[in-house]
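Each value in this text was obtained by applying a stated rule to the coordinates, not by laboratory testing. Treat the numbers as computed from the prediction; the structure is a model and nothing was measured. Please note: Cβ atoms are built from the backbone with ideal geometry, for glycine as well, and neighbour counts cover all protein chains shown.
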Amino acid sequence: MIEENVKKLLEEIPERNQQGEKVTLVAAIKTQTVENINRAIEAGITDIGDNHAQEFRDKNDYILPSARRHFIGHLQTNKLKYLIGKVGLYQSIDRLEIARALDEKSARAGITSQILLEVNIGSELSKSGFAPDDVDGALREIGALENLKIKGLMAMLPESDDRELLRALATRMRTLYDELNAKYGGFEYLSMGMSGDWRLCVECGSNMIRLGTAIFGARHYN
Ligand SMILES: *Cc1c(COP(=O)(O)O)cnc(C)c1O
């Protein structure tokens, strides 16, 4: 099943993209077994994203090394020690405090960490991330930190059946991404799209999607 899902997704994803950009598929691995994660990688997954720092620490050594590691969950300062030097892209930088902490830890490790800034595009109280109007200011402050490199933006659309609303928000994210990239440069990734909305997101200009259910099936939390 996993193999078949990955194969179909890797075929369909490029067809949805209208910007001529390569779309990176990140497998969202929360709650999945190491065995299933490695099956997905053997089927063609090149990038994996975890939400929980401790889960990442426990599984990371057993996951095939070829896959680039992403962190996609809410980051806590005291958990950065489990991630530093092992995560290729921190997608969920949602406040200045965590950017400063990651910068400091990266400096101490003698590395540069690559990050995305998370944008709360639906202005939802339940979600973290910078308000769309605050991203420019955050980019200026975080851009000055020497041990971080900002590679773009990440967003999660609201849960909604209103496709027009979702399209409007996804398009607004792409516009914001293009405007800020024109101003500051260096962007590569707009990470937006999960199992329920990825087609719409890619059609509106996302070039990185994070899929869990579409690859592994429904999640079982214990
Ligand atoms: C779990 C998760 C996903 C994937 O969700 P699915 O709906 O299962 O595809 C994507 N992004 C983040 C940040 C997640 O936590």
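From the list Ala182, Ala214, which one is more than 19 Å from Val23 (Cα to Cα) and among the hydrophobic types (A, V, I, L, M, F, W, C)? Give the derivation first.
On the way: Ala214 fails: more than 19 Å from Val23 (Cα to Cα).
After applying the criteria, what remains is Ala182.
Taking only pairs six or more apart or across chains, which ones have beta-carbon atoms under 6 Å, a first residue in the range 28-39 that is closer than 14 Å to Phe56 by Cβ, and a second residue that is away from the ligand (no atom under 14 Å from the Cβ)?
Note: pairs meeting the criteria are Val34/Lys59; Val34/Tyr62; Ile37/Ile63.
Out of all the residues in the range 121-141, which are outside any loop (DSSP other than H, G, I, E, B) and under 21 Å from Tyr90 (Cβ atoms)?
Passing the criteria: Phe130, Pro132, Asp134, Val135, Asp136, Gly137, Ala138, Leu139, Arg140, Glu141.
Of (1) within 16 Å of the ligand (Cβ to nearest atom); (2) farther than 25 Å from Val135 by Cα; (3) touching a Leu at 6+ places or on another chain (Cβ under 9 Å), Thr31 satisfies all except one. Which?
Status for Thr31: all satisfied but (3).
What do you reckon, is Lys81 closer than 15 Å to Thr213 by Cα, over 18 Å from the mean Cα position of the chain (by Cα), more than 16 Å from the ligand (Cβ to nearest atom) and in a helix (DSSP H, G or I)? Working first, answer last.
Values: closer than 15 Å to Thr213 by Cα: no; over 18 Å from the mean Cα position of the chain (by Cα): yes; more than 16 Å from the ligand (Cβ to nearest atom): yes; in a helix (DSSP H, G or I): yes.
Judged against the criteria, Lys81 is not a match.
Suppose we keep only residues that are assigned to a loop (DSSP other than H, G, I, E, B) and under 15 Å from Asp47 (Cβ atoms) within the range 1-23. Which one would you say is nearest to the chain's Cα centre (by Cα)? Even if it seems obvious, please write down each step before you answer.
Within the range 1-23, the first condition is being assigned to a loop (DSSP other than H, G, I, E, B), and the residues that meet it are 1, 17-23.
Among the residues that remain, those that are also under 15 Å from Asp47 (Cβ atoms) are: 22-23.
Values: Lys22: 15, Val23: 12 Å.
The extreme case among them is Val23.
Which of the residues that make up the range 26-50 are surrounded by fewer than 17 Cβ atoms within 10 Å (Cβ to Cβ) and in a loop (DSSP other than H, G, I, E, B)?
Lys30, Thr31, Thr33, Gly44, Thr46
What number of residues within the range 94-120 satisfy the criterion of being among the hydrophobic types (A, V, I, L, M, F, W, C), more than 18 Å from Met194 (Cα to Cα) and part of a strand (DSSP E or B)? Break it down into steps so the answer makes sense when it comes.
Here is the first cut: in the range 94-120, the ones among the hydrophobic types (A, V, I, L, M, F, W, C) are 96, 98-99, 101-102, 107, 109, 111, 115-117, 119.
If we keep only those that are more than 18 Å from Met194 (Cα to Cα) too, we end up with 96, 98-99, 101-102, 107, 109, 111, 115.
Filter again for part of a strand (DSSP E or B), leaving 115.
Total satisfying the criteria: 1.
Looking at the range 59-74 only, could you name the residues that are over 22 Å from Pro132 (Cβ atoms) and touching a residue at least 12 places away in the same chain (Cβ under 8 Å)? Outline the logic, then answer.
Applying the first criterion (over 22 Å from Pro132 (Cβ atoms)) to the range 59-74 yields 59-71.
Hits for the range 59-74 are Lys59, Asn60, Tyr62, Ile63, Leu64, Ser66, Ala67, Arg68, Arg69, His70, Phe71.
Where residues in the range 75-103 are charged (D, E, K, R) and in contact (Cβ under 8 Å) with a residue 40 or more places away in the chain, which of them is farthest from Asn147 (Cα to Cα)?
Out of the qualifying residues, it is Arg100.
Hey, Gly88 hits all of (1) closer than 25 Å to Gly137 by Cα; (2) within 19 Å of the chain's Cα centre (by Cα); (3) crowded, with 17+ Cβ neighbours inside 10 Å but one; which does it fall short on?
The failed condition is (3).
For the range 142-163: of the residues being within 17 Å of Asp94 (Cβ to Cβ) and in a loop (DSSP other than H, G, I, E, B), which is farthest from the ligand (Cβ to nearest atom)?
Only one residue tops the list, namely Leu145.
Quick check on my filter: what residues within the range 48-68 are touching a Gly at 6+ places or on another chain (Cβ under 8 Å) and within 13 Å of the ligand (Cβ to nearest atom)? First the steps, then the outcome.
Applying the first criterion (touching a Gly at 6+ places or on another chain (Cβ under 8 Å)) to the range 48-68 yields 50-53, 68.
Scanning the range 48-68 gives Asp50, Asn51, His52.
Out of the range 59-72, which residues are of a type in the set (D, E, K, R) and either loosely packed, with under 12 Cβ neighbours inside 10 Å or part of a loop (DSSP other than H, G, I, E, B) (or both)? Don't jump to the end; show me each part of the working.
If we filter the range 59-72 for residues that are of a type in the set (D, E, K, R), which is where we start, we get 59, 61, 68-69.
Residue satisfying the conditions is Asp61 alone.
Restricting attention to the range 192-222, and to residues there that are on the phi > 0 side of the Ramachandran plot and either without any contact (Cβ under 8 Å) to a residue 60 or more places away in the chain or within 11 Å of the ligand (Cβ to nearest atom) (or both), which single residue is surrounded by the fewest Cβ atoms within 10 Å (Cβ to Cβ)?
Filtering first and then ranking leaves Gly217.
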